[in-house]
Amino acid sequence: MSYTRTSLLAAMALVAGTTGTALLVGQAGAATSAVPCTVDYKVQSQWDTGFTAAVTLTNNAAAKSSWTVKWSYAGNQKVTNGWNGKISQNGADVTVANEGYNGNLASGGSVSFGFNGTYSGTNSVPATFTLDGVTCNVDGGGPTDPGPTDPGPTDPGTPSGKANNPYTGAKVYVNPEWSAKAAAEPGGSKIANQPTAVWLDRIAAINGVKGGMGLRAHLDEALKQKGSGELVVQVVIYDLPGRDCAALASNGELGPNDIDKYKSQYIDPIVSILSESKYAGLRIATVIEPDSLPNLVTNAGGTPTTTDACVTMKGNGNYEKGVSYALDKLGAIPNVYNYIDAAHHGWLGWDSNLGPAVQQFHKVATTNGASVKDVAGFIVNTANYSPTKEPHYKVTDTVGGQTIRQSKWVDWNQYVDEQSFAQAMRDKLVAAGFDSGLGMLIDTSRNGWGGSARPSGPGPQTTVDGYVDGSRIDRRIHAGNWCNQSGAGIGERPTAAPAAGIDAYVWVKPPGESDGNSAPIPNDEGKGFDRMCDPTYGGNPRNGNNPTGSLPNSPLAGQWFSAQFQQLVRNAYPPLS
């Protein structure tokens with residue numbers, strides 16, 4: 001699907017007023033069901049050579065298990081891409097059939113789909129619509145309003161209507177379920193009003209688990225929080241087949257070959273909900289499948305960190321197929337902004353990893369129906385602890401004529417923090433063919449590293465190891481440690497456009513939610529026991545065979561971990577006030 005990242009918002013404001021419509025209106029001016037079907041065709045936005053349209057079909061006859069809508073254009077309009085319907089065009093004739101997930105249409109029920117198109121001259125609304133061969137709007141209530149004459153894109157040269165940076169000028173959704181847990185902890189009220197992401201980590205989460213809020217409930221609450229301004233809702237898409245092949249703690253419910261189930265039972269229902277017209281005024285930022293593609297780069301063959309599970313997922317291609325499918329379907333929704341997970345500097349920061357990662361990202365964004373236009377940006381440090389910026393040393397420093405890259409901590413990495421890594425990755429991604437407006441996100445939810453252990457200045461100029469270890473605010477034992485880290489603190493508060501190329505600092509991992517269990521715990525979520533969450537474990541090649549630095553007595557990944565939350569609050573940097 002083809003979308004550029006420009007402002008949708010002025011266009012969406014037109015929907016309630018000056019849009020072309022084919023909605024049947026009776027003599028008294030009220031909508032009527034006296035005809036077998038009605039079609040509401042709206043031109044949501046229009047510019048010199050193109051337009052975006054939304055169509056709502058209402059079935060007033062017997063219930064249907066599938067449907068096909070047809071119309072013909074009087075002008076030279078051409079549909080270029082669409083969503084929530086299988087759209088084809090032959091000359092002036094357009095046919096739209098249902099997708100697999102929205103074929104059922106009850107009597108009195110409605111379904112919506114949309115598309116982008118091109119035109120020159122006049123962009124008239126079609127005069128006649130049919131549903132399965134039956135003419136809709138037959139009593140003269142057909143379309144008469146051609147829609148907005150030329151509202152134009154909000155940002156010049158960006159005709160799709162998406163914002164260059166969705167976080168600019170917008171509030172961000174505060175998850176009330178997380179907020180209540182945070183507020184109940186000592187000191188938690190200081191951050192309970194901060195925005196965090198909603199994780200859809202299994203199919204059941206779409207409708208809500210154990211009485212909790214589902215996706216629709218979160219979006220409805222977001223509409224209340226939005227008010228008259230703009231608001232971003234952050235949603236983590238996280239249920240790939242064979243999920244997280246290198247970390248047992250975050251394994252998922254789907255087997256390695258369940259790609260069709262992933263598409264039809266997970267992505268398609270999410271797309272259907274996000275496409276509902278009532279949510280069109282929200283800016284929805286999706287974080288696409290944390291850890292998946294980076295695992296294919298570093299853990300799927302020929303390295304000390306290779307795992308059989310990652311070799312399997314590289315071989316069957318289902319990570320790539322799943323991510324491409326998600327990008328394609330979600331990217332087709334006008335108010336959705338896809339951010340692909342890109343690991344962190346301590347994973348991909350070596351040129352030998354970063355170059356192949358960029359190639360992997362570009363491959364997935366240009367195959368299986370996806371386009372680079374479906375990608376708003378990338379996110380680094382998701383659910384990790386790497387500092388946004390190391391204030392006391394930089395990768396170009398030397399000690400006694402030796403580069404600090406020779407230190408055990410840096411280990412020849414090209415980067416020592418997330419912001420420099422994110423900005424460099426962005427440059428490489430754009431050079432590889434991604435949009436020049438690409439934006440980066442940095443998860444700062446747990447990378448503050450405050451408290452008494454935080455260095456106040458550079459380390460001693462004795463050895464490269466002494467200098468780096470005395471300078472670094474990242475107090476982990478090893479940069480490969482990722483599970484419930486001891487000594488971590490809340491990081492920078494969520495902020496829009498904090499630096500060049502960075503769309504926002506965000507809290508994607510809700511502080512206080514566990515990374516994984518420190519001992520085996522039976523569960524029905526597919527989550528295993530990863531020794532990297534065990535504080536007694538001596539390590540493996542991924543962390544240089546060092547202790548894990550994990551907190552004891554941790555629950556399953558995603559469950560509330562009170563001791564961790566209280567530690568994060570105590571060690572917050574900047575300090576909480």
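The values are calculated or read from the model by the stated rules, or taken from the named source; none is laboratory data. The shown structure was predicted, so the numbers you read here are calculated from the model rather than taken from an experiment. Using ideal geometry, Cβ is built from the backbone for each residue, glycine included, and neighbour counts are taken over all protein chains shown. In case anyone asks, the SASA skips ligands and DNA or RNA and just uses the protein heavy atoms, side chains included. Shrake-Rupley method; radii C 1.70, N 1.55, O 1.52, S 1.80 Å.
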In the stretch 175-234, how many are β-branched (Val, Ile, Thr), open to solvent by less than 30 Å² (accessible area, probe 1.4 Å) and out of contact with any strand residue (DSSP E or B) (no Cβ under 7 Å at 6 or more places or on another chain)? 2
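Each row is one residue, and each column tells you yes or no for (1) under 30 Å from GLY544 (Cβ atoms); (2) touching a strand residue (DSSP E or B) at 6+ places or on another chain (Cβ under 8 Å); (3) not charged (D, E, K, R).
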{"site": "SER272", "(1), (2), (3)": "no, no, yes"}
{"site": "LEU293", "(1), (2), (3)": "yes, yes, yes"}
{"site": "CYS310", "(1), (2), (3)": "yes, no, yes"}
{"site": "VAL323", "(1), (2), (3)": "yes, yes, yes"}
{"site": "PRO334", "(1), (2), (3)": "no, yes, yes"}
{"site": "TYR337", "(1), (2), (3)": "no, yes, yes"}
So which residues in the stretch 437-453 are open to solvent by 10 Å² or more (accessible area, probe 1.4 Å) and hydroxyl-bearing (Ser, Thr, Tyr)? SER452
Does PRO269 satisfy being part of a loop (DSSP other than H, G, I, E, B) and open to solvent by 10 Å² or more (accessible area, probe 1.4 Å)? no
Is it true that SER420 is surrounded by fewer than 20 Cβ atoms within 10 Å (Cβ to Cβ) and either within 21 Å of the chain's Cα centre (by Cα) or within 27 Å of ASN164 (Cβ to Cβ) (or both)? yes
Just to be sure before I move on: is ALA246 under 29 Å from SER550 (Cα atoms), open to solvent by 10 Å² or more (accessible area, probe 1.4 Å), in a loop (DSSP other than H, G, I, E, B) and touching a residue at least 12 places away in the same chain (Cβ under 8 Å) in the structure I sent? yes
For the stretch 37-51, which positions are part of a strand (DSSP E or B) and of a type in the set (Phe, Trp, Tyr)? TYR41, PHE51
In this structure, is GLY322 within 17 Å of GLY252 (Cβ to Cβ), at pLDDT 95 or above and not aromatic (Phe, Trp, Tyr)? yes
What number goes with the only condition from (1) open to solvent by less than 40 Å² (accessible area, probe 1.4 Å); (2) modelled with pLDDT of 95 or more; (3) in a loop (DSSP other than H, G, I, E, B) that ASP328 does not pass? (3)
Got at least one residue in the stretch 374-394 being open to solvent by 10 Å² or more (accessible area, probe 1.4 Å), under 14 Å from ASP435 (Cβ atoms) and assigned to a helix (DSSP H, G or I)? no
Hey, among the residues in the stretch 544-566 that are within 28 Å of the chain's Cα centre (by Cα) and open to solvent by less than 20 Å² (accessible area, probe 1.4 Å), which one's farthest from GLY448 (Cα to Cα)? LEU556
Counting residues that are open to solvent by 30 Å² or more (accessible area, probe 1.4 Å) and at pLDDT 90 or above, which strands (runs of 3 or more DSSP E) fully inside the stretch 57-168 reach at least 2? 68-72, 78-83, 86-90, 93-97
Since ILE473 meets every condition but one in (1) open to solvent by less than 40 Å² (accessible area, probe 1.4 Å); (2) touching a helix residue (DSSP H, G or I) at 6+ places or on another chain (Cβ under 9 Å); (3) among the β-branched types (Val, Ile, Thr), which condition does it not meet? (2)
List pairs: first in the stretch 258-272 and farther than 17 Å from ASN338 by Cβ, second among the small types (Gly, Ala, Ser) and open to solvent by 60 Å² or more (accessible area, probe 1.4 Å), Cβ under 8 Å, 6+ apart or cross-chain? SER264/GLY100
Residue check: is ASP397 open to solvent by 10 Å² or more (accessible area, probe 1.4 Å), in contact (Cβ under 8 Å) with a residue 24 or more places away in the chain and within 30 Å of LYS363 (Cα to Cα)? no
